[in-house]
Each structure stands twice: as structure tokens, then as C-alpha cells.
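Notes for the one structure printed next.
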Amino acid sequence: MAETVNITVNGTQHSKEVEGRTLLVHFLRDTLGLTGTHVGCDTSSCGACTVHINGKAVKSCSMLAAQADGKSITTIEGMANGDELHPLQESFREKHGLQCGFCTPGMIMTAADLLNHNPNPSETDIREALEGNICRCTGYHNIVEAIKDAAEKMAVPA
Amino acid sequence: MSNKYIGQSVKRVEDKRFITGEGRYTDDIVLPRMVHAYILRSPYAHARIKSIDTSEALAMKGVVAIYTGKDFENINGVPCGWQVNFKDGTTMREPKHPLLVLDKVKHAGDGVAMVVAETKEIAADAAEAINVKYEVLKAVTNPKEALAPGAPLVHDEYPDNIAFDWQIGNDKAEVDAAMDSAHHITKLDFTNNRVVPNAMEPRSYIGDYDTAYDRYTLYTSTQNPHLIRLLMCAFVLGIPEHKVRVVGPDVGGGFGSKIYHYTEEALVTWAAKQLRRPIKWTSDRSEAFLTDAHGRDHVSTAEMGFDKDGHIVGLRIKTYANLGAYLSTFASAVPTYLHGTLLQGVYTTPKIHLDMTCVFTHTTAVDAYRGAGRPEATYLLERLMDVSAHEMGIDPAELRFKNFIPPFDGVNQAGYQTQVALQYDSGNYHAVLERGLEMLGYADFKEKQAEARKNGKLLGVGFSTYIEACGIAPSAVVGSLGARAGLFESAQVRVQPTGKVNVYTGSHSHGQGHETSFAQVVADKLGIPLADVEIIHGDSDAVAFGMGTYGSRSLAVGGSAIVKSIEKVLEKGAKIAAHKLECSTDDLDFADGKWTVKGTDKSIGFGDVALTAYVPHVYPANLEPGLDFSSFYDPANFTYPFGCHIAVVEVDAETGKVTIKRFVAVDDVGNVINPMIVEGQIHGGLAQGIGQALLEGVIYDENGQLTTGTFMDYAMPRADDLPMFETDRKTTPCPHNPLGVKGAGEAGAIGSTPAVVNAVMNATWHLGVRDLEMPLTPQRVWRAMNHK
Amino acid sequence: MELTGSHILHAPVQKIWDLILNPEFLAKVTPGISRLEQESGDLYKAIAEIKIGPVHGKFEGSAELTDKVEHESFVLKVTQNSKIGNVEADIKMVMKPTENNETELSFDGVANMSGLLARTGNRVMSGVANTLTKQFFSNFEKELLNY
Amino acid sequence: MLPNTVDYYRASSVSDALNVLKANPDAKILAGGHSLIPAMKLRLNSPSMVIDIANLSDLNYIKEEGGNIRIGAMTTHGQIAHSSLLAEKLPLFTETADVIGDVQVRNMGTIGGSIAHADPSADWPAALLAADASIVVTNGDETRSIPATDFFVGFFSTALEEGEIITEIQVPVPATGTKMTYQKFMQPASRFAIVGCAAMAKVENGVVADVKVAFTGVSDGPFRDGNVEAAISGKTTTAENIASAAAQAASDVNLNADHYADEDYRQHLARVYAKRALSAVCG
């Protein structure tokens, strides 16, 4: 049975028909063509599919598109402001917080959620916040550095 | 010539698309009229297919086609790329690895049918409706058990489950004699645990066929597009190579698992022509666990003998390597040429013998995983060194210093000839251990450890001084060892009329940052801005040829090919410049992007020369227009990075849980183009090596079911499992390639594993713990500490 | 997955033996089994529906009684297939009279799982085994009153 | 993998959800979905319909009323972890919520969904048992309050009857001076509890009173450990007393076993974690 959903993604309102079983991540990737959100597992373990719903990090592989009806979603594509990168995006690049880039969108979305409620996280805070995201390339060292760096940047008003 | 970029931590040019979500991985690609494939897999490890009924599935709305083993009866399976011979000279056994199984499934996850449908959901629904009747047979998963008389046979035609046996090193009798003379022998049984590479991007392929041009395109998450094209065209589908384009777009990590030619690549390519529609297949993670080639899985007994002064006199090893059900592309090379040849380590061991038996079992194929054979060799050596040190009452660092090969640079001193076929290029093993001990603060550490013990804390330190063979590989050498391909690399440097440069490399980046480090080399060698260089890789139509990226070979081999082409560009450029400047090429210096007449201020820039090459109005006679050169570089030798890794751990005395308190890594990877990227490579390798030591391990049950088949059961290192790493480097340049580089991709995964295990043993030695099977789960450590 | 358990049932061995060989009764007490149809002799077609926690699957297959030693023991062989994986179990059932003429029913066997069930179930398998055992005996006691 | 076909229904109220559930006995209630959707994706479970109640705002609250803390069933773990009311009055709940899954799971998963699912390794059941919580459920006609000790009846099973849903969790506000903790030994892959131990106690005149110790992960269902409680009740808070009480833990339960912890080791861990939890609340 098809469902009509009204979802705002990165500020744009979409009204689309979806199957009941369509997962949010597939709605974003296949219906809206926003392929920055990735699928890395099938057990809600890896966090590559992390997006924000109403400002909070969630795993878009573990919810139905229909559940997001009426909600506002931010994906990695919505993090930069035009050509101006989000401080986390900048810091991931500056601190070499990514290699293959596959887990990166999810990492950045999770980190953004952390910094939203903890603007000055410790190394332990950061590592714990990343509990739901797996990176196989970086050993996390530079991801931690990147998030620390972004926190510092965001603390100083531009 | 001054280097503006080489040696600098230039920020990666590829990052922009990854941090904004614009990376283009295979599953992100959508082609018009594309359909989706789903592969029905065997739930059993070993079973005969009695019947397959696809009628109900075929009738479902949206199903386009269903293929089974019958469709591939006359099509070859995927081949192994490396021929190894038995000790007696006969050829290894290479069973057919069919695209879909016709008669007997040989591991859980073996492909039985492929459904093609309008959507992935429909394909999955239809696969559920296929009715396969199996006769379930007994399975064997352990390599030693597979050799027992009466063990279930993986391939009925091979009555002992042996793929081949093999040996390397000194004459066995000489080694036995050396061991007999030893004052002390340390003997250990090892299991090098089977691990799953788990690149975060699951494998994904799109096959496409263009009727108008009779041309195939395969988009594939691979580490080596050209190799896939060659294997698929020549060995599997028998289609003409020049009619096939293979594209490896952005690839989300490989770690070896995306080197190999997989059945699904050939399936989607073949079916695209049958259906005249593009077909996409993307692996689920749980499928990846069953079908991506696994790593490691050795069972060994190893003995190291010492004289009364603590010098090694001999090393004797018997190993059983589990290759799984089929021979994957590099499978036969891993336990042999990539493993046996590294058993010299960094020590002067005079007599070495490895006796290897490679075995088929009802498990997923095993192939190269980050380090490939070298981590297994390092693990044996470095565990033996630490245990021997403890047993002989010698400090483990001291025992290493005593046995190190003395420093040699490969220029003024010759390379070091090992007992196991290789000649090391250059090395200074003392230097990395000295630096490691300094960073650790070893003397202070010992005091701290004694203090911790008093307070009931189990603090331990473990060492590992590793070496590896990278820059794979001199073609003649590997050819003589059975490789069915050359292992050179190609590069084309195409200078555009405006002086901007496109570089086409046969290397493939899937996280290593080629688009940056290769560009750094090009920009400096040509004296042009980094932004004027674009590195193009991963497309067989664009790049002349390529052997791909693995074995830490990209910069040493691929980078050297680029340098060769640049040299050709500069040589021709000098002729053009000389003509314009009305002098001889001998009168010219090239620096900072311009040719200058020696002793004058007369010069011409690279951009002017490039324009002249394409607008050859004032031009040397007999010189072709254009500035575009290709080269193939075949290395003279492997490269031999080395290093010292030190782990400090604390074991929870009550639970057995191991926490890594510090990790020190001093690596010598030769010259470094981009320190930031090299450091990142080391970090990632460390995480995987530590993962193998503490967290990761495949468990098959007695029926061959993979019971660690998801991220819920197979533990991957997460951010809170790891510390900040303390890294440093030493530099002993490679003497035989133009950049002096050795390779850094695998080092972390090779050195770290034994360091961690040694540290845990050091922490618990006084409780009687000597050796433990990896991963060192809390339960295992607790049991060992409590002798349960 | 190992399946072991034993329990005292308040009825003499003869009654227990007869009941357990009664497919209608066996279907009622075996967790998940919704129907047993005799195919031939001691071979039955079995339909099961298993609902345990996150897992809800419909199974189809056979159940067979072999190695029967009257009033003492037999082996129950169960094969169940489903879309999420297959189960094959071999369970030896032993009946022993107690002093007060009741029956100690014990069983010992293994259930082998394949497919997704095997791959995803490790974390909860021992719980499944314990639960199935408990259910079997509590169903048995309940049903015993009706026969 | 992808779920089988399923109808999605967004409930507008509790009674709406219950009516639809009655009419569709094969339907499943969808709260945060973090247990159900993963199972549906692997096709381990294929309900014909899901009834989404996550957005029912009248099931999302944390308040104190009449000596009780009342938490709406659709309150997320994240909301609980960040609740200042709970941090002050019932820190056991913030501490427990904070170690459930990961931040993304905590943002979506709900306390009601978790306890209805009754995973034997989930964190909430231990906390609910130690806090003497009651679970309020309704079938539309009748509302009943079930003590946690009666609610969790075993392996993935609860006292919820067909056609009932959870609306609220009630916890008596602990007496002033009560200490509480949740200590968890994690399975490194799934991050579920191999052993989770929740404890509450009050020390009066150096003597342990009102002690409650509950476990999750250890057995096929969560349980209060009466042996430990009895052994420490009325005793002074010496390390010896705590150790000997903890040594009673998980003595007469069916022990779970998996790759990460067999029966012996799990029992040992239960005792270690009982000691750690008691040390935290008896200090």
C-alpha cells in the first residue's frame, strides 16, 4: 500500500508516494537522489546512514520513510551553506579525518549532533559519541582530532 | 629543484566531494532502464542441489529473469591468478569456481540463483519464492580436521582436501641440525584468527551493454579495474577485452577484499547483454560476511632456537593455511610468496624452514587482507621473540637488539640476502626500536609497571619489530614464483596546451589519497601549481593499463611510473625550450617550472613550452608535436618498510578486559610524499591490527555456519576501543625507485597485532599466562588468568 | 544449539509413552508446532510457526520418530525449512519411571540452524533453547490434564 | 536487506492504535522501531502491518506526580538521558538511558518500545526492576498497572496481553539519600549487556537498607537477585560484606551463553558487577 509522505529535506519540502516498507535511507537515496547518505550494514550498527531528524542524529536505515512524515531532515548534502562548508566538514578535511569517505557523512552528522549539545567535548566524550559509527580506514584518531578542531572553531564566533 | 609539495602535509583534493556527500560510489550510480539483481545463496556449507524450482518466482510481477547454475554450465568460473606448485613440482589444484552453483554448494553463501527484477525489493521477494531442494552433507571448516582421513571432501575430485603443499628456506636437515644445537628452544602453537575485511562500502556492481557498439561496461567497487577486465574477459566470459570498459569509481575501502574478481562482476556483465538492460547488484552486509574473501586463518607450530648468548640459531615452522572452498584470485600467493618469504624478519636467523600445507574447507574463500601473509609471518616471529625473551630472562627489547640485521642503506652497503629468497633493499632496525623505547620511556615504564602491580593492576608492554615486502612487484621475480600476470604499473602524463596536466594512472585510490600525493609529485617535478594537476584513475577506457592498488604498491610502483613519464615530458620539453632559447639542451637547467640557460637570466616557462608543443610554429625539425607520454614501470625489487610498534595495555584483573593505554608506532616507510596521509594510513592499519588482536574473529559452527555474520556478533573496533596513537617516523630511502619510497598501507596492520598480544602476555605472565588464541576476548583472558 | 532438559511428569511411563506417540498430542506440546500430519509410519509432515522475540517465522518440514525402544526411549528427528533459514534437530527422549509411578522425561539433542538464523542468532540462542525447553514441559503438564 | 511488503498505519491516538490492532491481529506496534525494523529488514519478522505510535505526544512526557515519577511510553532514551528531573530524582534512569545502544538509537528508541520487546540483554529491565517500577498498560477498555517484577516473564516475553499497549512507566520517587547505579559489561559488537546490574540502596547508620539488585543479560529474562539483596540487607558497608553478598549473584538462574560469555564466565561477571554496583550504592 502506498503512503504519501510530506518531508522537508535540507529545507526543501517534498511530497512523495512511498511503499510502506520503504526505508528512509532508500527514500533519500533512490527517490530524492541524495546519495551522500550511505548504507554500510543491515543491522543498524555502522552509522553510515546517519541523518538528522528535527536536529537529532538518527540512523535512516532503521526507520521507514513513512515514519518521517511531517519531519524536517538534514542530510550531509544540507550541511554546507552554499560554498561555505560546515566547520565539521572543514575540520574533517584539515585533520585528515577521512580516507575512503564512505563513513564520513554519517560521522559528520553524528559529530554535529554531539556539538549541538556539548560544544566543548573531551576526547572521551567524542569517542563515546561515535559509538554508533564504524570507520574502517582512519583508526578514529584523526576523526577525534577533527571534531575537537571543529568544536574550537565553532566556539569562536566568526 | 626545490620541493614545494613533496614532503608536505597537503590537504587532500579528493575530500571536497566526500565531506559534502558528493562522492560517487557504484551504488550511487543510476543508469536508465536499470534493473536489480538479488542472489539467492546456499544456507548450507555443504549440500547437493537436488532441484531448483523457479516457476513461482518467475511469475511474480516485476521479475525480469532468473538464472541458475544450468545457465553457466559451459562458462568458466572465476580463476586464481597465481599458480603455485606442490613440493614435488606438480601444479596446484584449482577447482572451478562457478558463477552460480550447478550441483554442489561448498560454503554457506555459495550463489545458487540470480533474480533480476525491476526493483531490489521485488528481486528479494522473488528469491524467497525460489524452491531449492538440498541434500545436506557434512562440512569441515578447520584446516587440520579437513586433512584427517574420512573428512568430508570439499571437491570430490581432490580426495585429501589439499590444494597444494609448499616449502621455503634452508634445507630441512640443516634447520633440524641447527635446532638440535640450540641452547634454548621456544615452541608455540598458533592460530592466526580468520578475519573479515569489512570495507565500509559493500561490494557493488553494475553491468551494462551497449547494443549499438557491441560494448560492455562494468562499474565495480574494485581496487584494480584493468585486472578485473583481463580476468573476466579472458578467463571467464570469453568476450573481447577491447569491447569492455571497467570503471572503478569512488570505492569505499578495500583492504584487499576488493582486489579479487568476484562471480557477481561476471554475472551482471553477462546478464546485461542477455537482457539488454543495465543490472545493478549491491551486497548486503550479511552477504558480504559470507562472500567477501576473508583474511588470515593459519594454524601453525613454530619453534625458534637460540644459542646460550641469546642469538637465534634456527626457525622451524609447520603451518596449515585454510584457503576456504575455492581459490580466490591471490589466494595461493598469500600463504606462500607473501608469507614464507618474510620469515627472516629483521633478524639474522641463519637457518629457516617453513613447511606449508594449503587446505580446502567448507568456508568462504580466504585471500589477501591488509598485509596478506606478512602479518601472519610477523605474528609468529614477534610472539616467539617475546616469549623467548621471557623464558630466557632477557629483556625483549634487548633480545631484539642482539639479533637485528645491522643497518645497511642498499647503496654503500649491499642489500641483505635472506634465507627465504628475498633481498632486503635498505634498513635500519636499531633506529626504530631505539626511537620507540625513547617515546615509550621504557625505564620509567618498568617502574610504573612494578608500582601498578603492587596496586593490583595488570599493566603490560609488548613489542613488535616488523618488516614487510611492499611495492609489489618485480614481474620477472613474481613470474618465476607463479604469478599469472606482471605486476608493473603504467602512467600517462598528458600535458595540455595551457600547461595543465592530466595524469592517468593504473593505480586505484579507495581512500589512500592518490589524487593528492600523486599530484604533489607531478606538481613538484614539473614546477607547476598543484591545482594544475589532475589525477585520473579507475577507468579502463581512460587509462592505458593498470595493475591496481594493493600490497602498498601505489606510490612505489605507480608513482615511479609517473616519474618516468615526467622525465620523458621534461626531456622533450628541454628540446623545445632549447629551440626557443636558441641553445643546446645541455645548456639548460630545469627548475621551478622553467628552463633557464645556464649562467643567464634567459628562460622559458613550462606553460610556454607546452603551448609550443601543441602550436608548433617555431619548433625543432624532426620533433613530433604534442607533450604526452606513457610509461610502464616494473620495479627492480620489492620495497621493505619496517618499524617498531609498542603497546601498553591494562588488563582488568576481575573481568579479563584489555584496555589499550598507549600505542607507540615508529615506522620507516622510506621517503614520504605526504606525511599526513602516511600517518593516516598507519593509524588505520593499527586499528585493524589491534582489532584482530582483541576483537575480530570469525566463528564457524561445526556445520560450517558462519555464526559471526553481522556487525552484531563480529566486533569491529569502534572509537571508544582505541587510544590516540603516538607515531613517529624514521627515513631509510628505498635505493631502487626514483622517489625513494617504500609504501605505508599495510604497516600498521602488520606490526600492531603481536605488539598487543605480547603486551597482554606481559601483563599476565606472572599469573602463568603464556599464550592465547586471538582475539583476546575478556572471557579468554579471564580463563587463562584463572587457569580455567 | 544444544537442547537438554528433564522434568518429572505426573503420570506413569506407559501413559507418557502413549501420549508422546500421539501426533495430535505431540503437536500441542511441541513449541511452535501447529500441525502434524502422518505421512507414513512414524514420519509426519510438520508445520510450525515460531514467534520468539524479534523472530517470527513460518516453518515447514517433517518430524520423524526413530530408534524406538518401547516405554523407554526414542529419537525425534525434526527438519524445518523456512525463508529465514532451516532447522534440523535430533533429540533423544528418554522416559524413566520414578518411585511414585510418575515419569522422568529427559531429552538430549542438538538443533542445527542454517542461513540467516545461524548467522544472526548467536546472541540469543541459549535463551531460545531454554525457552523452548520450558515451553515444552509446561505445555506437556497442561495438556496431560486433558488426556 | 529490505523488509517484506508491509502496510503502514500512523495512529492518531492510543485508542485509534488499539482499534486498528484489534482489527489486524498480525500487526505490530511500531514505537521507535529500533528493535522491530532491523528484524523486518532481515525478514526475521514480516508483520502485515505496522502501527506507528511514536508520535503520540500524549505518550511522551517525564513528570513527577503524587510521589511517582511518570514517564510516557514514547519518551525516547535520549530524552530520559537528558532529563534534569530524572538526574535529580532518579539518576539510575539517566545513567541507564545513557548507555543504551548509541546516540542515534537513543534519539529514536523509546522506553515503551524497549520494554515491550523485552530483549533479555536490554538495559531498561534491570533498571525498572531495581527501581520498583510499574508498567501501565491498556487495551482501551481497561487500564492496569503491572509491577516490573510481574511484567518481565522471561525470554522476550512480558505480561502484556494481545491487544494491549504500554502507556506509561511509573517509579516511586526514591527516598532521600538513596543511591543508585547501573553498571554494564558490554558485548563489544552489539553493545548489548552481557551483564547489566542495576542497584539501589540506602545506608542508614552505616547499615544497608532498602537494597534492590537486578540483572539483565545474565539469564533468559531480567531478574531481581533476592540472594544478593538478602545477603547485604542490614549489614554494614564493609568491602567484605559487599564481596560476600556479591558472590551470591546469579546463583539459581538459567545462565545465558554465547561466543562472548559462557555460563561460568557470565556468572562470574554477574558477581563482579554486583560487587561494583553494591560498592557504588553502599558507599
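Values in this text are rule-based calculations from the coordinates and carry no lab data. Note that the structure is a prediction, hence the values are computed from the model and not measured. Methodologically, a virtual Cβ is constructed for each residue, glycine included, from the backbone with ideal geometry; neighbour enumeration extends over all protein chains shown.
When all C-alpha to C-alpha distances in the stretch B:641-788 are sorted into bins of 5 Å, what percent of pairs does each bin hold, rounded to whole numbers?
For the stretch B:641-788, the binned pair fractions read 2, 10, 17, 18, 15, 14, 10, 7, 4, 2, 0, 0 percent.
Write down the Kirkwood hydrodynamic radius of the stretch B:111-248, to one decimal in angstroms, obtained as one divided by the mean of 1/r over all alpha carbon pairs.
One decimal place: 21.3 Å for the Kirkwood radius.
What pairs from A:LYS95/B:LYS446; D:LYS89/D:LYS275; B:LYS258/C:LYS83 go past 26 Å between their alpha carbons?
Table pairs above 26 Å Cα-Cα are A:LYS95/B:LYS446; B:LYS258/C:LYS83.
Suppose each label sits 7 Å from its Cα in the direction of the beta carbon; what would the B:THR348-B:GLU391 distance come out to in nanometres?
Going from the B:THR348 label point to the B:GLU391 one covers 2.2 nm.
Given +1 on the Cβ of Lys and Arg, -1 on the Cβ of Asp and Glu, and no further charges, what dipole in debye does the stretch B:53-210 carry about its Cα centre, rounded to the nearest 20?
So the dipole magnitude of the stretch B:53-210 works out to roughly 260 debye.
So what are the radius of gyration and Dmax for the Cα set of the stretch C:2-144, in Å?
Using the Cα atoms of the stretch C:2-144, the pair Rg, Dmax is 14.8, 46 Å.
Could you grab the relative contact order for chain D? Cα pairs under 8 Å, six or more apart, rounded to a whole percent.
Over chain D, the number comes to 15 percent.
Per 0.36 nm of contour for each residue apart, how much would the distance between B:THR301 and B:ALA421 grow if the chain were fully extended, relative to their Cα-Cα spacing?
Extra length from B:THR301 to B:ALA421 when fully extended: 41.0 nm.
In the stretch C:45-96, how does Rg compare with the Kirkwood Rh, expressed as the Rg/Rh ratio over alpha carbon atoms?
My calculation puts Rg/Rh at 1.09.
Going by average Cβ density within 10 Å per residue, which order do the peptides B:570-582, C:66-78 take, highest to lowest?
B:570-582, C:66-78
Spin-label point model (7 Å from Cα, Cβ direction): what's the B:ASN3 to B:GLN274 distance in nm?
Each label point is offset 7 Å from its Cα along the Cβ direction, giving 5.3 nm.
Checking the table C:LYS142/D:LYS41; B:LYS144/C:LYS68; B:LYS104/D:LYS28; B:LYS11/B:LYS525; B:LYS11/B:LYS742; D:LYS22/D:LYS184 against a 29 Å threshold on Cα-Cα, which pairs fail?
From C:LYS142/D:LYS41; B:LYS144/C:LYS68; B:LYS104/D:LYS28; B:LYS11/B:LYS525; B:LYS11/B:LYS742; D:LYS22/D:LYS184, over 29 Å: C:LYS142/D:LYS41; B:LYS144/C:LYS68; B:LYS104/D:LYS28; D:LYS22/D:LYS184.
When the convex hull of the Cα atoms of the stretch B:488-633 is projected onto a plane and the area is averaged over all directions, what value comes out in nm²?
Orientation-averaged projected area of the Cα hull: 8.6 nm².
Alpha carbon centre of the stretch A:11-70 versus the stretch B:637-686: separation in Å?
Using only Cα atoms to place each centre, the spacing works out to 37 Å.
Once you wrap a convex hull around the alpha carbon atoms of the stretch D:179-281, what is its projected area averaged over all directions, in nm²?
Averaging across all directions leaves 5.7 nm² for the Cα convex hull.
I want to verify the translational diffusion coefficient of the stretch D:18-66 in µm²/s; compute it with Stokes-Einstein, Rh as the Kirkwood radius over Cα pairs, at 4 °C and 1.567 mPa s.
Taking Rh from Cα pairs, D becomes 105 µm²/s.
R0 = 60 Å: FRET efficiency of A:ASN116 with B:LYS500, Cβ-based, nearest 0.05?
0.90
If we restrict to alpha carbons, what Rg and Dmax does the stretch B:234-304 come to, in Å?
16.8, 61
Dividing the Cα convex hull volume of the stretch B:660-729 by residue count, how many Å³ per residue is that?
Normalising the Cα hull of the stretch B:660-729 by residue number yields 117 Å³.
Using the Cα centre of chain B as the reference point, and only Cβ charges (+1 on K/R, -1 on D/E), how large is the resulting charge dipole? Debye, rounded to the nearest 20.
420
Would you mind counting up the charge near A:GLY33? Only other residues with Cβ under 11 Å from its Cβ, with Lys and Arg at +1 and Asp and Glu at -1.
-2
Only counting other Cβ atoms within 10 Å, I'd like A:ASP30, B:ASP71, B:ASP367 sorted with the fewest neighbours first.
Ordered by Cβ neighbours within 10 Å, fewest first: A:ASP30, B:ASP71, B:ASP367.
Grab the DSSP H runs of chain C that are 4 residues or longer, score each as -39,500 (n - 2.57), total them, divide by all residues and round the 222 nm result to the nearest 500 deg cm²/dmol.
Computed mean residue ellipticity for chain C: -8000 deg cm²/dmol.
Separation of the stretch B:377-451 and the stretch D:68-102 by C-alpha centroid, Å?
52
Per-residue ellipticity at 222 nm for chain A, helices alone: DSSP H runs ≥ 4 residues times -39500 (n - 2.57), over residue total, nearest 500 deg cm²/dmol?
Computed ellipticity for chain A at 222 nm equals -8500 deg cm²/dmol.
Going by how many other Cβ atoms sit within 10 Å of their own, how do A:CYS135, B:CYS358 line up, fewest first?
So the residues, fewest neighbours to most, are B:CYS358, A:CYS135.
Taking the Cα-to-Cβ direction at A:ALA80 and at B:ASP189 and moving 7 Å from each Cα, how far apart do the two end points lie in nm?
My value for the distance between the label points is 5.8 nm.
Ranked by Cβ crowding within 10 angstrom, fewest neighbours first, how are A:LEU24, B:LEU437 ordered?
B:LEU437, A:LEU24
Any idea how far the Cα center of the stretch D:202-270 sits from the one of the stretch A:96-119, in Å?
39
Please give the FRET efficiency for B:ALA59 paired with B:GLU438, using the beta carbon to beta carbon distance and R0 = 45 Å, rounded to the nearest 0.05.
That pair, B:ALA59 with B:GLU438, gives E of 0.05.
Between B:GLU135 and C:GLN14, what FRET efficiency comes out of the Förster formula 1/(1 + (r/R0)^6) with R0 = 41 Å and r the beta carbon distance, rounded to 0.05?
0.60
Can you give the convex hull volume of the alpha carbon atoms of the stretch B:68-137 per residue, in Å³?
Per residue, the Cα convex hull of the stretch B:68-137 comes to 138 Å³.
How large is the Kirkwood hydrodynamic radius of the stretch B:168-269, counting all unique pairs of alpha carbons, in Å?
One over the average 1/r among Cα pairs gives 17.0 Å for the stretch B:168-269.
May I ask you to derive the relative contact order of chain B, considering only C-alpha pairs under 8 Å and at least 6 residues apart, and to give it as an integer percent?
Relative CO of chain B lands at 16 percent.
Report, as a whole number in µm² per second, the diffusion coefficient that Stokes-Einstein gives for chain D at 37 °C and 0.692 mPa s using the Kirkwood radius over alpha carbon pairs.
It comes out at roughly 171 µm²/s.
Determine the shielding of peptide B:767-778 by partner chains: average, over its residues, the number of Cβ atoms on other chains within 10 angstrom of each Cβ.
Shielding by partners across B:767-778 averages 1.
Work out the mean other chain Cβ neighbour count within 10 Å for the residues of D:268-277 and drop it here as an integer.
Across the residues of D:268-277, the mean count of other-chain Cβ atoms within 10 Å is 3.
Compute the convex hull volume of the Cα atoms of the stretch B:535-606, divide it by the residue count, and report the result per residue in Å³ as a whole number.
Considering the Cα atoms of the stretch B:535-606, their hull volume per residue is 114 Å³.
If you average 1/r over every pair of different alpha-carbon atoms in the stretch B:578-708 and take one over that average, what Kirkwood value in Å do you get?
21.6
Roughly speaking, what % of Cα-Cα pairs in the stretch C:72-147 are separated by over 16 Å, rounded to a whole number?
Value for the stretch C:72-147: 63 percent of Cα pairs lie more than 16 Å apart.
Taking 25 °C and 0.890 mPa s as the conditions, I'd like the Stokes-Einstein D for the stretch D:61-172 in µm²/s, using the Kirkwood hydrodynamic radius from alpha carbon pairs.
In µm²/s, the coefficient is 178.
Give the Rg (one decimal place) followed by the Dmax (whole number) of the stretch A:87-155, computed from C-alpha coordinates and expressed in Å.
10.4, 30
From other protein chains only, count the Cβ atoms within 10 Å of every residue's Cβ in D:25-31, then give the mean.
Neighbouring Cβ atoms belonging to other protein chains average 1 per residue here.
Let me spell out the model: positive unit charges on the Cβ of Lys and Arg, negative unit charges on the Cβ of Asp and Glu, origin at the Cα centre of the stretch A:87-155. What dipole size does that give, in debye rounded to 20?
Dipole about the Cα centre, nearest 20: 220 debye.
Can you pull the Rg over Rh of the protein assembly as shown, Cα-only, Kirkwood?
Ratio of gyration radius to Kirkwood radius: 0.98.
Report, to two decimal places, the Cα Rg of chain B normalised by 2.2 N^0.38 Å (N = number of residues).
0.99
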